[in-house]
Amino acid sequence: NWSRDKQSALQSVKDYRPQTDGQLLRILLHGPVGAGKSSFINSVQSILHGRMYAHALVDNTSHDCFTKRYTTYKIRKGRADTFYPFVFNDIMGLDPIKGVPVNDVKLALMGHVKEDYRFNPDSTLSDDDQFYNEQPTNNDKVHVLVCVIDANTVPQMSEKTVEKIRDIRIEARKLRIPQVAILTKIDEVCPEIKEDLQNVYKMKYVKEKFSAKVGIPMNCIFPVKNYDEEIDLNSDVDSLILSSMNHIINFGDDCINFNKDQSEG
Ligand SMILES: Nc1nc2c(ncn2[C@@H]2O[C@H](COP(=O)(O)OP(=O)(O)OP(=O)(O)O)[C@@H](O)[C@H]2O)c(=O)[nH]1
Ligand SMILES: [Mg+2]
């Protein structure tokens, strides 16, 4: 029952609160240019606000993709100056040639990258740079890593890209940061899905293929369709995005609690 599940999924995202006041749940999205990272954040925002958003989130895009700055995206809650406790960062980390160095992804995961840092594909952030955060707090650290991939590109993904995803996965695992993958643009994968998103089970083959290539387990791979040119919200689009968001939040919350237990000894 998609429509009933959607309501409860929406409520859980809206109600999420970390155990500690003031704690943020930081979600890092990484993936190739044009994979749908910004669109995913916009989609979450649209769903939470109950109306379409094409907000500033896409204004960070430039054709010169690798000069992108490290920006934290927050979603406003209600009219007052309050925000949801989960925040997003995105990073172009997967282009084999022009992508952000794996080491910078690692630094971002650890919270060492300051807001507004401009990534450089040719060099990594050094610890004497003004954008290097020497003492990251629990809020600066990433709590869940999300690999965003255009589902249509999975069959012909290059060995280099696969290798990069694996390298980043290894770093995240060392840091005990949970990881999920989002496969976007499923509406373009096959006409049956475009016609009816409830045919998403047809994505099983693509999920299996992706899982086998990069090692992310099947139950951590979420196919979605982002809002891209719609005028109105659509319940099935919402369902898939919300389902993935709930998993992301749960995994991130586990990481927050793990970090807390560690720091309290
Ligand atoms: N059909 C379809 N198009 C999508 C979907 N998600 C994103 N798009 C389109 O794909 C293009 C790229 O999406 P973005 O969200 O800008 O991708 P990005 O990963 O943020 O790209 P960069 O910031 O350049 O790295 C845009 O034209 C979107 O409208 C989707 O699920 N389905
Ligand atoms: Mg973007």
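Throughout, read-outs are computed from the coordinates displayed, never taken from laboratory work. Keep in mind the model is a prediction, meaning the values are calculated, not measured. Heads up, the Cβs are rebuilt from the backbone with ideal geometry, glycines too, and the neighbour counts pull from every protein chain shown.
Straight Cα distances below 22 angstrom link Lys209 to the lysines Lys37, Lys160, Lys164, Lys185, Lys194, Lys225, with same-chain residues fewer than 8 positions distant left out. Plugging the Kirkwood radius over Cα pairs into Stokes-Einstein for the stretch 81-159, at a temperature of 37 °C and a viscosity of 0.692 mPa s, what D comes out in µm²/s? The diffusion coefficient I find is 231 µm²/s. Each residue of the stretch 238-245 was assigned a 3J(HN,Hα) from its phi angle through the Karplus curve 6.51 cos²θ - 1.76 cosθ + 1.60 (θ = phi - 60°); the sequence is 4, 4, 5, 5, 5, 4, 5, 4 Hz, with glycine and proline shown as x.
Mind putting a number on the dipole of the chain about its Cα centre? Charges go on the C-beta only, +1 for Lys and Arg and -1 for Asp and Glu, and I need it in Debye to the nearest 20.
Dipole magnitude for the chain comes out near 440 debye.
Take the Cβ atoms of Met110 and Cys190, set R0 to 51 Å, and the FRET efficiency comes out at 0.80.
Please give the length that would be gained between Val33 and Asp127 if that part of the chain were fully extended, namely 0.36 nm times their separation in residues minus their C-alpha to C-alpha distance (nm, one decimal).
Contour length minus the Cα-Cα distance gives 31.1 nm.
Candidate cross-link partners of Lys77 among the lysines, defined by an alpha-carbon separation under 17 Å and a same-chain spacing of 8 or more, comprise Lys14.
What is the order of Glu115, Glu229, fewest Cβ neighbours within 10 Å to most? Intermediate results must be reported in sequence, preceding the final value.
Details: Glu115 12, Glu229 5.
With the sparsest Cβ surroundings first, the list reads Glu229, Glu115.
For the chain, the fraction of alpha-carbon pairs lying more than 26 Å apart is 38 percent, rounded to a whole number. Quick one: grab the alpha carbon gyration tensor of the stretch 196-265, order the square roots of its eigenvalues as a ≥ b ≥ c, and give me rounded if a/c is under 1.5, else prolate or oblate depending on whether a/b is larger than b/c. Cα axes put the stretch 196-265 in the oblate bin. Taking the helices alone, the chain has a mean residue ellipticity at 222 nm of -12000 deg cm²/dmol, built from -39,500 (n - 2.57) per DSSP H run of at least 4 residues and averaged over all its residues.
How would the stretch 135-223 be classified by its alpha-carbon gyration tensor: rounded, prolate or oblate, with rounded meaning a/c under 1.5 and the a/b versus b/c comparison settling the rest? Please report the intermediate quantities before stating the final value.
Values: a/c = 2.64, a/b = 1.80, b/c = 1.47.
Prolate shape, in that a/c is at least 1.5 and a/b is the bigger ratio.
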